[in-house]
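The structure appears below as structure tokens.
The values are calculated or read from the model by the stated rules, or taken from the named source; none is laboratory data. Keep in mind it's a predicted model, so treat the numbers as computed, not measured. Here the Cβ is made from the backbone with ideal geometry for all residues, glycine too, and neighbour counts use every protein chain on show. The area values use the complete protein model at the heavy-atom level, side chains included, leaving out ligands, DNA and RNA. Shrake-Rupley method; radii C 1.70, N 1.55, O 1.52, S 1.80 Å.
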Amino acid sequence: FVPGGGVLYKLTNTLSVRTSLNRAVTLSGLDRQGGENREDSVNYEAGVKYANSALDHQAELTFFQNRYKNLTGTCSDSTGCAPQDLDRQINGGAARIVGVEARAAQGVSAGKVWIPLEASATLLRPSFASNFTSTSPEWGLGDIRSGDPLPYVPQIQYSFSIGAEYGRIRQDIAFLYQGKMFDQSARVGREEVPGYGVIDWSSRLKLFPGANLFAKVDNILGRNYIASYRPFGLRPGKPRAFLAGISYVF
């Protein structure tokens, strides 16, 4: 039984508050003793949002918390597990992620040019909430204590984008930043993955109703950064990449 529910209350025509509570489970396979220990979590959210009738002024603030009763993992090649441990379920005990997310958007007219602006930021505090001894390379080998970080969950993320739309043409430039994170939870051998920022560009040309010609360049500055240390050494982030195509919605 996986229940969930939410309530939204409109204070005014432009301002609303909401809250929600949702449960989630992940059914895992049998462990070596033939028992099943599923991943069980509860998510709490509360927020406030402002949006005018034209939706060209928006602001939103959300507080959230995920509480895991039993965080599970599965040994695989991608996590660096030994061959004899492949496909084995691992139980990590209690964990929690507490965070706050803010978003604001504004549209500005400059003559015949429409300029959309958007900014967002997310602060996260991910950690284990119990003590246990880990046998999984995903969390690190050794003792893990309550308060140790969850691997590969950044502590901060933020973005800013600005666009320009004139007639049938729209251009957007976005700056994305991801803060530092850790490659494992166990303190012995833990490595910090540095934060990084990239700039992306995209463009769209409306050919006729429903059809668009689009192009985008990810990481236009060709920034070199570390994406992970797992499973077997440093892995680079996405290099400069170009994509173009035609889309049609019907």
Highest mean packing first, using Cβ neighbours within 10 angstrom, the peptides 52-58, 173-179 sort as 173-179, 52-58
Toy charge model, Lys and Arg Cβ at +1, Asp and Glu Cβ at -1: the range 140-246 dipole around Cα centroid in debye, rounded to 20, equals 300
Here the Cα Rg-to-2.2 N^0.38 Å ratio for the range 169-213 is 2.07
Placing +1 on each Lys and Arg Cβ and -1 on each Asp and Glu Cβ in the chain, then taking the dipole about the Cα centre, the residue among Thr72, Gly99, Ala121 whose Cα reaches farthest towards the positive end is Ala121
In whole angstrom, the spacing between the Cα centers of the range 1-22 and the range 186-250 equals 33
Note to self: with every protein chain in place and a 1.4 Å probe, the chain gives an accessible area per residue in Å² of 59
As straight-line cross-link partners of Lys49, the qualifying lysines (C-alpha separation under 16 Å, not fewer than 8 residues apart within one chain) are Lys10
With +1 on the Cβ of every Lys and Arg and -1 on the Cβ of every Asp and Glu, the dipole magnitude of the range 69-184 about its Cα centre, in debye rounded to the nearest 20, is 500
Residues other than Arg96 with Cβ under 11 Å of its Cβ, Lys/Arg counted +1 and Asp/Glu -1, net out at +3
For Lys69, counting only lysines whose alpha-carbon sits under 28 Å away and dropping same-chain residues fewer than eight positions off, the answer is Lys180
The set of residues whose placed amide H lies less than 5 Å from the amide H of Asn70, leaving out same-chain residues fewer than 5 positions away, is Asp40
Taking only C-alpha positions in the range 180-250, Rg and Dmax in angstrom work out to 18.3, 59
Surrounding charge for Ala105, neighbours by C-beta under 10 angstrom, Lys/Arg +1, Asp/Glu -1, total -2
Other residues with Cβ under 13 Å from the Cβ of Asp143 give, with Lys and Arg +1 and Asp and Glu -1, a net charge of +2
Mean Cβ-within-10 Å packing, highest first, puts peptides 148-155, 11-18, 124-131, 213-220 in the order 148-155, 124-131, 213-220, 11-18
Descending packing, highest mean Cβ count within 10 Å first, for 133-140, 107-114, 185-192 is 133-140, 185-192, 107-114
Kirkwood Rh over alpha-carbon pairs of the range 118-250 plugged into Stokes-Einstein at 25 °C, 0.890 mPa s gives a D in µm²/s of 140
Of the accessible area of the range 82-183, computed with a 1.4 Å probe and all protein chains kept, carbon and sulfur make up a percent value of 58
Dividing the surface of the Cα convex hull of the range 91-162 by four yields a projected area in nm² of 5.8
About its Cα centre, the chain carries a charge dipole, from +1 on Lys and Arg Cβ atoms and -1 on Asp and Glu Cβ atoms, whose size in debye to the nearest 20 is 580
